[in-house]
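The values are calculated or read from the model by the stated rules, or taken from the named source; none is laboratory data. Note that the structure is predicted; figures quoted are calculated from it, not measured. Every residue, glycine among them, receives a Cβ derived from its backbone with ideal geometry; neighbour counts consider all protein chains shown. Protein only, heavy atoms only, side chains kept; ligands, DNA and RNA dropped before computing areas. Shrake-Rupley method; radii C 1.70, N 1.55, O 1.52, S 1.80 Å.
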Amino acid sequence: MEPTGATSWPRNVSDPGPVTPQEAGRLRERARFVRLETIRLISIAKVGHYSSVFSCAEIFSTLYYDTMNIRRGEPGWPGRDRFLMGKGHAAVGQFPVLADLDFFDKAWLDDYTRLGSPLGDHPDMRKVPGVDFSSGSIGHALSNGVGMALGARFRKQDFDVFVLLGDGEMQEGQVWEAALSAATHRLGRLVAIVDRNGYQLDGSVDDIAAVEPLADKWRAFGWEVHEVDGHDVVALANLLRRIKADRTRSQPCCIIARTVKGKGIDYMETEPGWHLGYLAPEDERRARETILAGADAEVAGTGITSPAITSEGTA
Amino acid sequence: MNSTLHPDSWQYRELNKRAPSLSVLSDTLIELAEAGHPVVAGTADLQHSNGLTGFAGRFPERFTQFGISEQNMVSAAAGMATTGVIPYVATFASFLALLCCEQIRMDVAYCAQPVRLIGHHTGISMGFYGTSHHATEDIAIMRSIADLTVVSPADGPQFAAALRASVDYPQPIYFRISRGHDPEVYARDTPFEFGKAVIHELGRDLTIIATGMPVHPARTAMRALQEEGYSVGLIDMHTIKPLDRAAVMQAAKTSRVILTVEEHNVLGGLGGAVAEVLAEEGGGARLVRHGIRDEFSLIARPTHLYRHYRLDAKGVEEIARPLVA
């Protein structure tokens with residue numbers, strides 16, 4: 001298959017224009033690619049965070065194939081936009097994208113989580129080209145992004161920093177330390193994207209420790225806030241294009257992406273226990289068919305036998 | 001030196017400006033920045049305590065005030081380092097090494113970023129501010145983090161030399177600094193090498209291995225015992241990790257007794273590190289560990305605490321005397 005590459009750059013950032021239907025179709029196709037590869041990789045590990053990836057598949061697709069200024073095959077290019085993941089447990093969906101961009105050999109994916117593999121459940125910058133910062137401990141990434149934006153300003157390096165945060169991550173105090181810091185230092189090149197899928201490992205985010213009103217919180221911390229349907233690639237890409245093109249903004253920017261955990265697989269959408277789980281081969285086949293049919297929001301059928309794993313301890 | 005003033009008083013400090021190691025921090029960073037090194041600095045609401053005010057005034061674009069958010073500061077420093085700068089971030093050791101332990105492990109050490117962490121006012125040097133402000137666990141915690149170098153300079157000149165050496169050092173470093181106005185052991189521009197202990201002397205009866213602030217009182221104690229005819233030596237183990245195992249073994253093969261002295265819990269600190277070497281390598285010397293014996297320190301002025309815990313010259317001598325007699 002001919003890889004669908006990153007948008008050729010430099011694009012005219014002063015007037016990026018809206019995404020075309022053709023571009024949107026490709027972003028949807030790359031989101032399906034992320035979901036299919038996630039299923040394939042987790043079948044190697046026998047347990048993984050399907051639903052955490054499925055909620056942000058369109059975010060991965062839009063950032064890597066439309067928004068970010070990156071160069072195929074050059075993961076260390078100093079001028080690249082940076083992408084950090086607070087929700088590092090979604091790395092299984094990021095790795096196929098990095099391989100697709102020729103940042104490392106695609107064959108690495110086949111050994112996902114096997115002894116000595118650079119690819120594990122969380123991204124490691126020392127092992128994986130294209131990972132701009134390691135993660136796994138929730139709550140650090142926005143601070144890492146603050147540092148990158150500060151460093152870029154001092155070094156006069158011209159790049160944007162995108163940080164994908166989980167909505168459960170909003171419960172970590174350090175996120176709000178970083179939020180204060182970014183606003184104080186007027187880091188206009190820092191963009192946080194909150195994957196607002198509503199669920200964390202133990203259940204509903206707002207039952208466990210309520211984070212709403214989330215947009216108001218970010219505004220109160222001095223950020224420019226946007227809300228968007230995180231599965232609508234047209235809305236997402238257009239918003240990110242506008243944000244990236246705006247070089248007059250002095251505030252950091254937060255996008256609250258309303259998403260569905262497990263998006264694309266009906267029983268994952270309705271069962272929060274799928275934060276961590278494993279699809280039996282027959283279920284995996286049906287999940288794959290659902291995704292390939294492009295029937296992202298359709299009910300895929302009944303008779304699911306795979307158990308949902310509801311805590312790390314049973315993995 | 002004005003002998004009528006109490007060493008804890010600000011007047012004493014004003015009158016005895018003997019290269020306090022925390023003005024050394026700012027002065028040396030200014031020197032490094034002026035020499036063209038990409039050094040930046042940050043603190044968490046303690047620029048007056050650690051003296052970074054001087055650096056901030058001279059190079060405002062290189063200085064970041066993070067406010068009271070130490071964890072954010074450490075993670076951000078690691079992020080900054082990816083852009084090619086060398087960040088020096090400073091706050092009380094109790095907050096840096098304990099509150100930010102996980103950020104240091106994950107973002108600095110695991111990510112191999114050349115961040116220089118300056119934990120100042122370590123040990124019991126915060127005196128009556130109490131246990132929240134003491135750090136008698138930081139060596140033990142920091143030295144168990146892979147790929148992190150742990151350095152505990154004896155005085156200002158050694159700290160300055162270590163800072164100069166740090167611009168070319170590839171790994172992240174945790175610096176452990178005591179009060180910032182400790183008596184000097186070394187002359188300015190004394191050479192410094194990470195991981196290479198300073199062997200002052202080796203004694204047949206006893207060799208003291210000290211780190212940080214206690215090196216000076218240990219040297220005084222050594223001289224007092226030498227005047228009485230005992231063969232006593234001193235090793236300044238400024239780098240606790242990687243530990244200079246060869247220096248420990250030199251002492252083990254020369255001396256009947258090794259006495260470790262540290263402003264830290266005897267568990268897991270310098271004493272623990274030396275014990276590990278002796279247990280693995282043999283050598284025959286008996287080991288005695290001196291420091292805080294697994295307790296939370298009392299409240300008092302620092303000098304009174306050093307006296308109480310026998311971390312002043314007289315105290316080290318008291319601990320050492322029965323070992324040589």
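General observations
- Annotation note: Cβ proximity below 7 Å between a residue of segment A:153-177 that is without any contact (Cβ under 8 Å) to a residue 12 or more places away in the chain and a residue that is surrounded by fewer than 19 Cβ atoms within 10 Å (Cβ to Cβ) (sequence gap 6+ or interchain) occurs for A:Phe154/B:Glu61; A:Arg155/B:Gly84.
- Scan of segment A:176-198 for residues that are in contact with a strand residue (DSSP E or B) (Cβ under 7 Å, 6 or more places away or on another chain) and closer than 20 Å to A:Ala90 by Cα, ordered by number: A:Val191, A:Ala192, A:Ile193, A:Val194, A:Asp195, A:Arg196, A:Gly198
- Residues that are over 21 Å from the mean Cα position of the chain (by Cα) and open to solvent by 30 Å² or more (accessible area, probe 1.4 Å), drawn from segment B:49-71: B:Thr53, B:Gly54, B:Gly57, B:Arg58, B:Pro60, B:Glu61, B:Arg62, B:Phe63, B:Gln65, B:Ile68, B:Gln71
- When restricted to residues that are more than 21 Å from A:Gly198 (Cα to Cα) and outside any helix (DSSP H, G or I), segment A:36-61 contains 2.
- Selection status of A:Ala297, at pLDDT below 85 and out of contact with any Lys or Arg (no Cβ under 6 Å at 6 or more places or on another chain): yes
- Condition broken by B:Cys111, with the remaining ones in (1) more than 23 Å from B:Ser297 (Cα to Cα); (2) open to solvent by 40 Å² or more (accessible area, probe 1.4 Å); (3) of a type outside the set (Phe, Trp, Tyr) satisfied: (2)
- Meets criteria (buried (at least 20 other Cβ atoms within 10 Å of the Cβ), under 21 Å from A:Asp158 (Cα atoms), at pLDDT 95 or above and out of contact with any strand residue (DSSP E or B) (no Cβ under 6 Å at 6 or more places or on another chain)) for A:Asp81: yes
- Against the numbered list (1) open to solvent by 40 Å² or more (accessible area, probe 1.4 Å); (2) closer than 25 Å to A:Asp246 by Cβ, A:Asp195 comes up short only at (1).
- Residue list for segment B:51-66, filter: within 7 Å of another protein chain (Cβ to nearest Cβ) and in contact with an Asp or Glu (Cβ under 9 Å, 6 or more places away or on another chain): B:Phe66
The rows are residues; the columns are (1) within 27 Å of A:Asp167 (Cβ to Cβ); (2) touching a Gly at 6+ places or on another chain (Cβ under 7 Å); (3) at pLDDT 95 or above; (4) among the polar types (S, T, N, Q).
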{"position": "A:Gly5", "(1), (2), (3), (4)": "no, no, no, no"}
{"position": "A:Glu37", "(1), (2), (3), (4)": "yes, no, yes, no"}
{"position": "A:Asp66", "(1), (2), (3), (4)": "yes, no, yes, no"}
{"position": "A:Arg71", "(1), (2), (3), (4)": "no, no, yes, no"}
{"position": "A:Trp77", "(1), (2), (3), (4)": "no, no, yes, no"}
{"position": "A:Met85", "(1), (2), (3), (4)": "yes, no, yes, no"}
{"position": "A:Gln94", "(1), (2), (3), (4)": "yes, no, yes, yes"}
{"position": "A:Trp108", "(1), (2), (3), (4)": "no, no, yes, no"}
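- Of the helices (runs of 4 or more DSSP H) lying entirely inside segment B:233-325, none contains at least 3 residues that are more than 16 Å from B:Val215 (Cα to Cα), modelled with pLDDT under 95 and out of contact with any Asp or Glu (no Cβ under 7 Å at 6 or more places or on another chain).
- The one condition from (1) open to solvent by 30 Å² or more (accessible area, probe 1.4 Å); (2) modelled with pLDDT under 95 that A:Leu276 does not meet is (1).
- For A:Arg219, the conditions (1) touching a Ser or Thr at 6+ places or on another chain (Cβ under 8 Å); (2) of a type outside the set (Gly, Ala, Ser); (3) open to solvent by 70 Å² or more (accessible area, probe 1.4 Å) are fulfilled apart from (1).
- Pairs are defined by a Cβ separation below 9 Å, a sequence spacing of at least 6 or placement on different chains, a first member in segment B:104-117 that is more than 7 Å from every other protein chain (Cβ to nearest Cβ), and a second member that is part of a strand (DSSP E or B) and among the hydroxyl-bearing types (Ser, Thr, Tyr); the pairs so defined are B:Ile104/B:Tyr174; B:Val108/B:Tyr174; B:Val115/B:Tyr88; B:Arg116/B:Tyr88; B:Arg116/B:Tyr174; B:Leu117/B:Tyr88; B:Leu117/B:Thr91; B:Leu117/B:Tyr174.
- Residue that is farthest from B:Tyr110 (Cα to Cα), among those in segment B:57-67 that are in a helix (DSSP H, G or I) and in contact (Cβ under 8 Å) with a residue 24 or more places away in the chain: B:Arg58
- The sole residue among A:Gly136, A:Gly166 that is of a type outside the set (Val, Ile, Thr) and surrounded by 24 or more Cβ atoms within 10 Å (Cβ to Cβ) is A:Gly166.
- Here B:Ala41 fulfils each of the conditions (1) surrounded by fewer than 24 Cβ atoms within 10 Å (Cβ to Cβ); (2) closer than 25 Å to B:His134 by Cα apart from (1).
- Total residues in segment A:133-161 satisfying the condition of being more than 7 Å from chain B (Cβ to nearest Cβ), assigned to a loop (DSSP other than H, G, I, E, B) and not small (Gly, Ala, Ser): the figure is 5.
- Restricted to segment A:181-256, the set of helices (runs of 4 or more DSSP H) holding at least 3 residues that are touching a residue at least 12 places away in the same chain (Cβ under 8 Å) comprises A:214-220, A:233-245.
- Note on segment B:281-299: residues that are exposed (fewer than 12 other Cβ atoms within 10 Å of the Cβ) and touching a helix residue (DSSP H, G or I) at 6+ places or on another chain (Cβ under 7 Å) total 1.
Yes/no per residue for (1) among the β-branched types (Val, Ile, Thr); (2) within 26 Å of A:Leu239 (Cα to Cα); (3) not in a loop (DSSP other than H, G, I, E, B):
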| position | (1), (2), (3) |
| --- | --- |
| A:Arg28 | no, yes, yes |
| A:Phe33 | no, yes, yes |
| A:Leu63 | no, yes, yes |
| A:Pro75 | no, yes, no |
| A:Gly93 | no, yes, yes |
| A:Leu98 | no, yes, yes |
| A:Gly116 | no, no, no |
